[in-house]
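See structure below.
The values are calculated or read from the model by the stated rules, or taken from the named source; none is laboratory data. These numbers come from a predicted model, not from an experiment. Note: ideal-geometry Cβ built from the backbone for every residue, glycine included; neighbour counts use all protein chains shown.
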Amino acid sequence: MSEPNYRWPARDKRRVMGTRVNRIDGPAKVSGRGKYGSDINQPGMLFAALLTCPHAHARVRSVDIKEAQALKGVTAVEVMSGPGTVIQWAGTEVAAVAALTEEIARDAVRRIKVDYEVLSHAVKEEDLKAAGGRSKPAGEVLVGDPDDAFKKADVISEGEYGIPVLQHCCLEPHGQVVMWKGDTIEYWPSTQNVSGIGGDLAQSLSIPAANVHVRQDHVGGGFGSKFSADRWGVVAAKLSKASGGRPVKLFLDRRTELEIAGSRPSGFARIRLGARKDGTIIAWESQSWGTSGPGGGGVAATQLPYVFVNIPNKRVNHTGVITHTGPARAWRAPNHPQASFLTCCAIEDLAAKLNLDPLEVFDRNFQYTARPEVYRAQLRKAAELSEWEKLWHPRGQAGPGPVKRGLGIGVATWGGLGHASDCRTTIHPDGSVEVELGSQDLGTGTRTVIAMVAAETLGLSVGQIQVKIGDNRYPPSGGSGGSTTVGGVAVSTRKSTMNALQKLLEAVAPALGVSADQLEAVDGRIQVRGNPAKSLTWKAACQKLGVKPIVEMGRNDPKNPMGMISQGVGGIQIADVSVDVETGVVKLNRLVAVQDCGLIINPKTAESQVYGACIMSICGALFEERIMCQQTGRFLNADMEFYKLAGIDDIGEIIVHLDITPEHDARGVIGLGEPPVVPGIAAIANAVANAIGVRVPRVPLTPDRVLAALEGRRA
């Protein structure tokens, strides 16, 4: 037979894909049977603790570990930052201890004596003028003739905006259990990179990658921060080896997690827009800056203006500011929320200056985007769901009383092309089916999607598919980043199960008296196409295999997607807020999210992805902020009491509309993890400006900042 046609079945032919299926791992999680890395307990397990540096910038002169080594119950001590090491941020790992109990390990850490040469530090980036020699200009991007365009503009709008550094705050901290067994390592990390993290650890330990066996059932969040083994993974392995191969558990405490396990860079900008009276933007000029820690970084110059990339005349400059703070890591749509916030706030302020409805101004300027009609349709839908026509009012005209209501818009885009992935499908003679991939489920429903694709292909129910992931001995699959997982695993699963099904049809064809290409798998049966009366049950069909199972592979190659996956999506969010102008408290009433992402395999888990993204945006808009002390160089609110996250009463109503159309279906599967986290902060910030009549230039929109903005207007 020729190669199967792997393309997705037409919408009217699908029986599983496109339906609302509950997560297959839900019962294990809610019952507590599902095990996370931090739940792993091995016989004879040791516990490790880290000694971290209290200084933002220092040189290590000496490290004395003798007292720690002498403490009863300590099995090993490893120095991670020895004499001569220059520390670049507070919280940097200096040494690690393994002991019989956590208490002994912590006690031993306190007995390590480190002599530091404390150096000057800088931990703030908000004031670009104060950065001095810590500035790293990225160079100017110039398109068209912005100077001439500004001269021709009917109106010029200017503003300054800022979004701070936010910290990764995974529910399950970074860490692992690791154990040496002879020349090999058993490794239970909290990771979003099951197939790749073992090789990363092996490289750091100078052993073959095949010698590291990675296992993980569940992970308590990653959001882009859990790809590598990290220094704490390497030192845990060294502590295990130095302790005779006993398993070692090392997970970061919450303060250290917040200080060093990754952040989202800040973004500040002075933005100038020139426009015609009807709101058409003809000129853009921005000077942006921000930090991602010692490397400078921040929002790239090429990301402004965000989404509206084809504005004909623009001058864009960006400066990275070097700080002695923990470095950035990928975080669910790296740099996109910042760029969306800066761009959408500037456009909203332009609309206010022109006394125009921002809905019209955004709509008019979608001509400068890559997908104008998609954005326009999404904006109309978001406006309908948010009751824009009924509730919107010109800026500052919210009516009497201290509580003011307002609406605001944010926009998003993302890529989302599926990653490389291999899948192995086994059909056993007893009718059982196993699908194996070295992938991971971050809590997004990946297991369920794999089962749905396999069930759709084989004509079975989801419950008849046994999905095996979370082990690097399964066929390799990419790390979960960039919204690439569902596209990758869906295609490799589809190909693998199609290949296996073809082998089964060939085995069954003689019994049904037709050729294999005349057979189909439908509703738990193998039947002659269109003729249920001439069929075998799935189990009876599999018995034709004798004693030998069918084992077939399938691969997703992103360079040859075969029309099954693609990339590039858009999204619109509209926020509805109430602001008490006497207290400065912002209350989110409703956040409407309209999002496309190609062919949606499971609308239920897809909606859940958007809900989670919106909650993350609400946290960033109203609460989250890393607060650094310039005097001490320390992260002042590195704990769960003062690093604020939204509680259930802060969320409001979230309305999710998945932009499902035949046109989007035809594009194939596109990842959804990143795009819906992008526009929410901008939408909420714009809604607050609409409510109170003045821009609050920085997020989070805390009561003090709201009141300061109101005071500035009155002044």
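For residues that are hydrophobic (A, V, I, L, M, F, W, C) and under 16 Å from Ile163 (Cβ atoms), scanning just region 302-332, find the one that is nearest to the chain's Cα centre (by Cα).
Trp331
Going through region 126-168 one residue at a time, which ones are assigned to a loop (DSSP other than H, G, I, E, B) and touching a Phe, Trp or Tyr at 6+ places or on another chain (Cβ under 7 Å)?
Glu126, His168
With Val143, Val194 as the choices, which residue is within 29 Å of Ile281 (Cβ to Cβ) and among the β-branched types (Val, Ile, Thr)?
Going through Val143, Val194 in turn, the sole match is Val143.
Is region 625-638 home to any residue that is in contact with a strand residue (DSSP E or B) (Cβ under 6 Å, 6 or more places away or on another chain), in a loop (DSSP other than H, G, I, E, B) and either without any contact (Cβ under 8 Å) to a residue 24 or more places away in the chain or within 29 Å of Thr413 (Cβ to Cβ) (or both)?
Yes: one or more hits.
Among the residues of region 268-290, which ones are within 30 Å of the chain's Cα centre (by Cα) and hydroxyl-bearing (Ser, Thr, Tyr)?
The answer is Ser286, Ser288.
Within region 636-663, track down each residue that is farther than 18 Å from His168 by Cα, buried (at least 19 other Cβ atoms within 10 Å of the Cβ) and touching a Gly at 6+ places or on another chain (Cβ under 9 Å).
Listed by number, the list holds a single entry, Asp659.
I'm trying to understand the selection: among the residues of region 530-573, which are at pLDDT 95 or above, among the basic types (Lys, Arg) and either within 23 Å of Asn5 (Cα to Cα) or part of a strand (DSSP E or B) (or both)?
Within region 530-573, Lys534, Arg555 qualify.
Each row is one residue, and each column tells you yes or no for (1) among the aliphatic types (A, V, I, L, M); (2) touching a Leu at 6+ places or on another chain (Cβ under 7 Å); (3) under 29 Å from Ile600 (Cα atoms).
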{"position": "Gly487", "(1), (2), (3)": "no, yes, yes"}
{"position": "Ser496", "(1), (2), (3)": "no, no, yes"}
{"position": "Gln502", "(1), (2), (3)": "no, no, yes"}
{"position": "Leu505", "(1), (2), (3)": "yes, yes, yes"}
{"position": "Ala509", "(1), (2), (3)": "yes, yes, no"}
{"position": "Asp517", "(1), (2), (3)": "no, no, yes"}
{"position": "Glu520", "(1), (2), (3)": "no, no, yes"}
{"position": "Arg525", "(1), (2), (3)": "no, yes, yes"}
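Does Ala70 satisfy being closer than 30 Å to Thr632 by Cα and at pLDDT 95 or above?
no
So, in region 504-519, exactly how many residues are under 45 Å from the mean Cα position of the chain (by Cα) and crowded, with 17+ Cβ neighbours inside 10 Å? Working first, answer last.
Taking region 504-519 and keeping what is under 45 Å from the mean Cα position of the chain (by Cα), we get 504-508, 516-519.
Retained after the next criterion (residues that are crowded, with 17+ Cβ neighbours inside 10 Å): 504-505, 507-508, 516, 519.
So the count comes out to 6.
Which ones in region 574-614 are crowded, with 20+ Cβ neighbours inside 10 Å, under 23 Å from Leu166 (Cα atoms) and either modelled with pLDDT under 95 or hydrophobic (A, V, I, L, M, F, W, C) (or both)?
Those that are crowded, with 20+ Cβ neighbours inside 10 Å, under 23 Å from Leu166 (Cα atoms) and either modelled with pLDDT under 95 or hydrophobic (A, V, I, L, M, F, W, C) (or both): Ile574, Ala575, Val577, Val586, Leu588, Leu591, Ala593, Val610, Ala613, Cys614.
In region 231-267, how many residues are within 22 Å of the chain's Cα centre (by Cα) and part of a strand (DSSP E or B)?
4
Residues to consider are Thr92, Thr19, Thr75; find the one that is surrounded by 14 or more Cβ atoms within 10 Å (Cβ to Cβ), of a type in the set (S, T, N, Q), touching a residue at least 60 places away in the same chain (Cβ under 8 Å) and out of contact with any strand residue (DSSP E or B) (no Cβ under 7 Å at 6 or more places or on another chain).
On inspection, the qualifying residue turns out to be Thr19.
Tell me yes or no: at least one residue of region 563-572 is surrounded by fewer than 17 Cβ atoms within 10 Å (Cβ to Cβ) and either among the aliphatic types (A, V, I, L, M) or over 30 Å from Val678 (Cα atoms) (or both).
Checked region 563-572: no residue is surrounded by fewer than 17 Cβ atoms within 10 Å (Cβ to Cβ) and either among the aliphatic types (A, V, I, L, M) or over 30 Å from Val678 (Cα atoms) (or both).
Results for (1) among the β-branched types (Val, Ile, Thr); (2) not in a helix (DSSP H, G or I), shown as yes or no for each residue.
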{"site": "Lys587", "(1), (2)": "no, yes"}
{"site": "Val594", "(1), (2)": "yes, yes"}
{"site": "Ile601", "(1), (2)": "yes, yes"}
{"site": "Lys604", "(1), (2)": "no, no"}
{"site": "Ser608", "(1), (2)": "no, no"}
{"site": "Ala613", "(1), (2)": "no, no"}
{"site": "Ser617", "(1), (2)": "no, no"}
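Give me a count of the residues in region 528-549 that are over 21 Å from Pro9 (Cβ atoms) and out of contact with any Gly (no Cβ under 6 Å at 6 or more places or on another chain). It would help to see each step written out before you state the result.
First, pick out the residues of region 528-549 that are over 21 Å from Pro9 (Cβ atoms): 533-534, 536-537, 539-540, 542-549.
Of the ones still in play, those that are also out of contact with any Gly (no Cβ under 6 Å at 6 or more places or on another chain) are 533-534, 536-537, 540, 543-549.
Looking only at that region, the number is 12.
Do you know which residues across region 668-715 are among the small types (Gly, Ala, Ser), crowded, with 24+ Cβ neighbours inside 10 Å and over 22 Å from Pro394 (Cβ atoms)?
Gly671, Gly673, Gly680 - these are the residues of region 668-715 that are among the small types (Gly, Ala, Ser), crowded, with 24+ Cβ neighbours inside 10 Å and over 22 Å from Pro394 (Cβ atoms).
Could you list all residues from region 314-328 that are in a loop (DSSP other than H, G, I, E, B) and either buried (at least 24 other Cβ atoms within 10 Å of the Cβ) or touching a Leu at 6+ places or on another chain (Cβ under 9 Å) (or both)? Explain how you work it out, then say what you get.
Taking region 314-328 and keeping what is in a loop (DSSP other than H, G, I, E, B), we get 322-328.
Answer for region 314-328, where residues must be in a loop (DSSP other than H, G, I, E, B) and either buried (at least 24 other Cβ atoms within 10 Å of the Cβ) or touching a Leu at 6+ places or on another chain (Cβ under 9 Å) (or both): Thr323, His324, Thr325, Gly326, Ala328.
So, in region 430-483, of the ones that are of a type in the set (Gly, Ala, Ser) and surrounded by fewer than 19 Cβ atoms within 10 Å (Cβ to Cβ), which residue ends up nearest to Gly612 (Cα to Cα)?
Checking each candidate, the answer is Gly463.
Among Phe223, Phe227, which is surrounded by 22 or more Cβ atoms within 10 Å (Cβ to Cβ) and either in contact with a Lys or Arg (Cβ under 9 Å, 6 or more places away or on another chain) or in the same structural domain as Phe635 (by TED's automatic domain parsing) (or both)?
Phe223
Is it the case that region 343-353 has a residue that's more than 27 Å from the chain's Cα centre (by Cα), part of a strand (DSSP E or B) and crowded, with 24+ Cβ neighbours inside 10 Å?
There is no residue in region 343-353 that is more than 27 Å from the chain's Cα centre (by Cα), part of a strand (DSSP E or B) and crowded, with 24+ Cβ neighbours inside 10 Å.
Inside region 370-482, counting only strands (runs of 3 or more DSSP E) that do not spill past its ends, which hold 3 or more residues that are touching a residue at least 60 places away in the same chain (Cβ under 8 Å) and outside the structural domain of Asn211 (by TED's automatic domain parsing)?
Those strands (runs of 3 or more DSSP E) span 403-414, 421-427.
Return the residues of region 243-293 that are among the acidic types (Asp, Glu) and farther than 20 Å from Asp230 by Cα; say none if nothing qualifies. Lay out the reasoning, then the answer.
Narrowing region 243-293 to residues among the acidic types (Asp, Glu): 253, 257, 259, 278, 285.
The answer is Asp278, Glu285.
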